[in-house]
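A.B. asks: My structure is below; once you've seen it, I'll send some questions.
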Amino acid sequence: MSSFSPSYSCHKLQESMLSSASSFKNYRGILNWCVVMLVLSNARLFLENLLRNGILVDPIQVVSLFLKDPYSWPAACLVIVSNVFILVALYTERKLAMGSISEKVGLLIYIFNLTIILCFPMVVVLKLLSITPVGGAFALGVYTILFLKLYSYKDVNWWCRERTQAKARNIYYFVFAPTLCYELNFPRSESIRMGFLLRRLFEMTYFISNVLSIVFQWMVPIIRSSMKPLQEMDYSRMTERLLRLAVPNHLIWLIFFYWFFHSSMNFVAELLRFGDREFYRDWWNSETITYFWQNWNIPVHKWCLRHFYKPLLRRGAGKLLSQSAVFFASAFFHEYLVSVPLRMFRLWAFMGMMAQLPLAWFVARFLRGNYGNAAVWLSLIIGQPITVLMYVHDYYVTHCQDDPTIAEAL
């Protein structure tokens, strides 16, 4: 009788394929199945919406988001006026470089200029009722970007003067470049690739039309049907409307991310031959809230790190205090960009941003790996619709409840 050969053994030390220790490639088929099921379920919802409501997208309504009167463009005029603040910054830097004014005087001019940049458009949007909420948000967004850019312009030129390196004044290139951090010399690409430029332009047109279609066809009916449950404080129906709103809201957020951070910013970068194209990193793999905020919006993250977070550390502030200050500033600008165009102050965006601090601590402390990533995605999918519903409800109560026509439409 021959002895049993080890080569005939059918067992070895190994984990089950669906265990956490298994290789990621073992999940590929399941992930593809999830994608197919997601597409099919959303296709069903789209067809159901179309059969129930018909086609709701109206070009006139789209235009009315931006303009109340097609012959009056107040938001665009407000953006054009912002050129005055650029000229003030340029004039101040020239005087500082020549030694015509002292650093203290220059700092006072900058403080005044930057304060007016935030206050002037806010007052105009609040007082000029012909500016629509979307037009107001666009104008305030432009002024906020200009505020961050000119703050960086001030800091970098001051650093250069300290090192006796006051040189170039390429401020207008910097104003239009897809970055918030000023430098004397930016990395430049060799040439403009027309094929790349046209692809990005096509994406910009295609995806913004998708966003508008989802808003009018999908989100508006859900929001209209949510007003009564919100007024009656019917929590079960409110939860159902929130979950229904979460899908289109998240789709819009994802599409807008790609439209803005990839298509639009790469289009501008290619047009200006701006070389640094790192506008985002792999935030979708975030296992902590902190990693997400550090990687989904690289231009803002670089600005905060360079002009806010590190200066606070150099002045003796602790890391926790400095991080909290960054979140506080971010919360302020989120609220500024939402409350002012809507002409009401409810602090929902501010509180939503500040809630990221304890959430970041909780996820980093108690959740790891896939669980942390799931928590990040859950906060994105559920957190934003809650804020949207709160603002829509308050806007309805503040502006529409007394108007029978609008109230009946909602």
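The values are calculated or read from the model by the stated rules, or taken from the named source; none is laboratory data. Small disclaimer: the values here were computed from a predicted structure and weren't measured. All Cβ positions, glycine included, derive from the backbone under ideal geometry; neighbour counts span all protein chains shown. SASA here: full protein model, heavy atoms, side chains in, ligands and nucleic acids out. Shrake-Rupley method; radii C 1.70, N 1.55, O 1.52, S 1.80 Å.
A.B. asks: Where only protein heavy atoms count, and the probe is 1.4 Å, what is the accessible area per residue for the chain in Å²?
C.D. replies: 60 Å²
A.B. asks: Please compute the Kirkwood hydrodynamic radius over the chain, one decimal place, Å, based on all pairs of different Cα atoms.
C.D. replies: 24.8 Å
A.B. asks: Further question on the same structure: Describe numerically, in nm with one decimal, the distance between label points set 7 Å from Cα along Cα→Cβ at PHE120 and at MET37.
C.D. replies: 5.6 nm
A.B. asks: Return the long-range amide H neighbours of PHE274 (sequence gap of 5 or more, or a different chain), with a cut-off of under 5 Å between placed amide H atoms.
C.D. replies: SER189
A.B. asks: May I pose another question? Can you send over the carbon and sulfur percentage of the accessible area for the chain, probe radius 1.4 Å, protein chains only?
C.D. replies: 68 percent
A.B. asks: Once you've got the Cα coordinates, tell me which of LYS104/LYS310; LYS127/LYS310; LYS104/LYS149; LYS104/LYS127 are over 31 Å apart.
C.D. replies: LYS127/LYS310; LYS104/LYS127
A.B. asks: Over all directions, how big on average is the projection of the convex hull of the alpha-carbon atoms in region 73-176, in square nanometres?
C.D. replies: 6.4 nm²
A.B. asks: On to the next question. Where in the chain are the DSSP H helices whose alpha-carbon span along the long axis reaches 24 Å or more and whose Kyte-Doolittle mean is at least -1.0?
C.D. replies: Helices passing the filter in the chain: 28-53, 103-127, 133-162, 194-214, 235-257, 319-342, 369-395.
A.B. asks: Sticking with this structure for a sec: Can you quote the Å³ per residue value for the convex hull of the Cα atoms in region 157-263, rounded to an integer?
C.D. replies: Each residue corresponds to 165 Å³ of Cα convex hull volume.
A.B. asks: Just the number: Rg to Rh for region 235-369, Cα atoms, Kirkwood Rh, two decimals.
C.D. replies: Over the Cα atoms of region 235-369, Rg/Rh equals 1.00.
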